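Enquirer: One structure, as structure tokens, below. Some questions next.
Every read-out reported here was derived from the displayed coordinates using simple, explicitly stated rules and does not represent laboratory data. In this text the structure is predicted, and so the values were computed from the model without any measurement. Cβ placement follows ideal geometry from the backbone for every residue including glycine, while neighbour counts extend to all protein chains displayed.
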Amino acid sequence: MKRNPLLGTFTLGVLVLMLWELGVRFQGISPLVLPAPTRIADVLWKSLANGYLWPHIWQTLVEVFWGILLGGMLGCAGGIVLGESRYLRTLLMPYVVLSQVVPKLALAPLFIVWFGFGVLPTIVMTALICFFPLLENTVTSMQLVDAQKLELFKMLRASQWQTLWHLKIPTSLPSIMAGFRVAVVLAWVGAVVGEFIGSSKGLGALIIAAQGSMDTPLMFAVLVVITVLGLTSYWVVLAFERRIS
């Protein structure tokens, strides 16, 4: 009998939630420390039904969208340029890596000083986080194009642009899309972390507000929303990748 991995995943999730619920109830753990899943679900449902969560969800969605768009475009374009030029790759890659070594959380106060409070600092942070996976995957995949195919394009006297457009980019597309999937997941990290420091609206800001009021069930409810949105965006990108492949 063939096993269904999705059924197994669902069953494991339900089992974990049941153990969590029973453990909280029988151990008498305070909701301030660890709320039961049913309590979290109740808070989540009420927050969605009365419209409390929707402005925060929209704010974070806007930041994630623009962060992915800007970071993805710059990462992909930069990866193509560096992949085509060994000189620029040798010159600039150390600085690109250096920009990623610096913790983004440490840069958040600087972004607030430079760009002010609100959406822009969070978008910049999200774009920076999305930038590197796409650039690194694009540069790497551009170096792994089949040498025999490159030689064939040279024999056919294809220009550098024709070789790039008709050979290197199509060959590199699976790796580029893999980097994009990683960037989409990391974008939610960047947006939420950015909202921790410099925003009064958004899911990250709501977590900080819930922490200040000791509303642990609301904190968990917001984490559930972030998880669902992150998974949904990942599946959307995965579906798009399968469609174009």
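Enquirer: Determine by what factor the alpha-carbon radius of gyration of region 1-69 differs from 2.2 N^0.38 Å, reporting the quotient.
Expert: 1.58
Enquirer: Moving to a separate point now. What FRET efficiency would be calculated for the residue pair residue 32, residue 234, taking the C-beta separation as r and a Förster radius of 35 Å, to the nearest 0.05?
Expert: 0.65
Enquirer: Mean residue ellipticity at 222 nm from the helices of the chain, using -39,500 (n - 2.57) per DSSP H segment of n ≥ 4 over the full residue count, to the nearest 500 deg cm²/dmol?
Expert: Theoretical 222 nm ellipticity from helices: -28000 deg cm²/dmol.
Enquirer: Let me ask another. Post the alpha-carbon centroid distance, region 90-125 to region 60-89, in whole angstrom.
Expert: Each part's Cα centre sits 14 Å from the other's.
Enquirer: Would you indicate which of (1) 27, 20, 18; (2) 36, 19, 14; (3) 41, 24, 14 is the value of semi-axes √(5λ) of the Cα gyration tensor in Å derived from the coordinates of this structure?
Expert: Here semi-axes √(5λ) of the Cα gyration tensor in Å agrees with entry (3).
Enquirer: Next question. Using the Cα centre of region 55-244 as origin and beta-carbon charges of +1 (Lys, Arg) and -1 (Asp, Glu), tell me which of 218, 68, 145 is placed farthest towards the positive end of the dipole.
Expert: Looking along the dipole axis, the top candidate is 145.
Enquirer: Quick one: among 119, 16, 222, which has the greatest mean-square fluctuation in a GNM of the chain with alpha-carbon springs under 10 angstrom?
Expert: Answer for the Gaussian network model of the chain: 16.
Enquirer: Express the relative contact order of region 55-244 as a whole percentage, based on alpha carbon pairs under 8 Å and six or more residues apart in sequence.
Expert: Computed value for region 55-244: 30 percent relative contact order.
Enquirer: With label points built 7 Å along Cα→Cβ from the Cα atoms of residue 224 and residue 161, find their separation and express it in nm.
Expert: 5.4
Enquirer: Under 16 Å Cα to Cα from residue 46, which aspartates and glutamates show up? Leave out anything in the same chain fewer than 8 places away.
Expert: Excluding near neighbours in sequence, the set is 215.
Enquirer: What FRET efficiency would be calculated for the residue pair residue 99, residue 16, taking the C-beta separation as r and a Förster radius of 41 Å, to the nearest 0.05?
Expert: Step by step, r from the Cβ atoms, then E = 0.60.
Enquirer: Between residue 117 and residue 86, what length in nm is gained on full extension when 0.36 nm per residue of separation is reduced by their alpha carbon distance?
Expert: Fully extending the segment from residue 117 to residue 86 adds 7.2 nm.
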